[in-house]
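The values are calculated or read from the model by the stated rules, or taken from the named source; none is laboratory data. These figures come from a predicted structure and were not determined experimentally. Every residue, glycine as well, gets a Cβ built from its backbone with ideal geometry; the counts of neighbours run over all protein chains shown. Areas reflect the complete protein model, heavy atoms only, side chains present, ligands, DNA and RNA absent. Shrake-Rupley method; radii C 1.70, N 1.55, O 1.52, S 1.80 Å.
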Amino acid sequence: MLKLKQNFRYYSPFAIIDRGFGLAYISKSTFSLNTNITTYSVYVTFWEPETADFGPHFLLHQSEVTIYDDHTTTIQLTYGGLLNYTYNSNDAVFELNDQNGVRNDSWNISHLYNSYTVLSNNTFWAATLNMNKVTVYTKNLPSFLKKDTRYENPFINTTNPRLNETIPFGARDITINYSVEIALSNNNISIYQNNETEPILRQSISAKSQYCHVDNKTIRVDVFGSTFNQPDKDYFIVVNNNFVNDVQYNEAIKGINRNIWQFKTEGKESKYAATLIGFLRLNTNFSDFNKINNEREVFKTLEDQLSFTIPVERSRIKIIDHKIDKSKSESVGRAILRLQISSKSGSRNPKEIAHDLNELIENKWFTPISTYSHTGFLDETFGFQVQRDMNSEYVVWFRKFAKPAALFTILSAADIDALNLLHSKYANLKLFSAPISKRLEDLIF
């Protein structure tokens, strides 16, 4: 327990955004010429662990107030204005003044239970006690700073998307406009998709990353195409305290709590695409990945985590098998996993899911891929590579070049090497770029 050497009165401790705490306190003095005029001085000081004491005391505000009763208190409101509170007998009188001291509103509360406050969204809250019955009283106060109080942050003017807006599917950036000039700081901004069980993290970006751009009072954050990838779904954004700083005072600015900056994506119909197969690669040896020595159980956990992070129905993804990569010296011993993504009527098609999965893995340090035990082993330099459908590609090519292909087929009866010209990519002509499989290529040779 910290023991204060000074005898503070009317004090209030507070946490500092970037660690530690401070203490704000009020001192008052009454001039003898008019005992109703009292000068209030507000000071702040900060705890210094090195000396186990408070440091210098800074004067923040000083004003003269006419006191009509010993039980009068004045509150400076976050969104501008002053709230005066006077207590007489069983009645409490509250008077709301604007920035210029002009009365805007007033109200009385009887049997106040010594409990009232103004919440961060500018809502007045009080509790009364009468005949052993507790009643809660609330009142929405106006913003004299012409701010949207729903952000619960007086530094924020506007955002894009706006609160409760419907945004385009796959939107690629978000912006915040502040009331002061800002600079990037240290903490994160994170985008979540609301889910029936728990919110799904879609993207989390540090202010120091290459995806954040500041222009005077506005910050723009780049968004991956895989972030807003679910049509007609609810999302919200969390901005951590100290994501940006006030340039003038070099002080951390308050963020936005969860479930405040909310919006949804527009609906979108997905075109049908067939089931596909692709490849994932681990960034470690398979033995390190399969520590429990139960291959199917490890793959099941990986499938579960992929289903949640993409997100996609659990029944639509399955790891078919794996092999050890021997293609390059730096990847020798790493496992390549073959993943199947099934088609489902009325849901996002496998091509769209494959694209998102590749982007999630390639940007794993900013997406939920890096936060789970098994998806964290996926190699971001490999991503998700779709297996080519050689049969379908060859049919398309053959329909376009049927006559030349027939001619080369006849010539191959005399010399099988004539077929090699069809996939030689000679002069970069599409005629000589026939998509043939490795197995067929081996048979020609």
**Study point:** Residue ID - modelled with the lowest pLDDT, chosen from residues in the stretch 143-168 that are assigned to a loop (DSSP other than H, G, I, E, B), of a type in the set (A, V, I, L, M, F, W, C) and surrounded by 15 or more Cβ atoms within 10 Å (Cβ to Cβ)
**Key:** L145
Exercise for review: Give just the number: which of (1) within 30 Å of N349 (Cβ to Cβ); (2) in a strand (DSSP E or B) does N245 not satisfy?
Suggested key: (1)
Point to revise | Contacts under 8 angstrom Cβ, first residue in the stretch 272-285 being among the polar types (S, T, N, Q), partner open to solvent by 40 Å² or more (accessible area, probe 1.4 Å) and assigned to a strand (DSSP E or B), 6 or more apart | key: T275/Q340; N283/R334; T284/R334; N285/R334
Exercise for review: Give the residues of the stretch 258-276 that are within 30 Å of N157 (Cα to Cα) and in a loop (DSSP other than H, G, I, E, B), sorted by residue number.
Suggested key: E266, G267
Review point. Restricting the stretch 30-60 to residues that are within 25 Å of F94 (Cα to Cα), out of contact with any Phe, Trp or Tyr (no Cβ under 8 Å at 6 or more places or on another chain) and at pLDDT 70 or above, which is surrounded by the most Cβ atoms within 10 Å (Cβ to Cβ)?
Key: Y40
Practice item. Answer with yes or no whether T123 is at pLDDT 85 or above and open to solvent by 60 Å² or more (accessible area, probe 1.4 Å). Key: no
Check your understanding: Which residues, taken from the stretch 376-386, are open to solvent by 40 Å² or more (accessible area, probe 1.4 Å) and assigned to a helix (DSSP H, G or I)?
Key -> F377
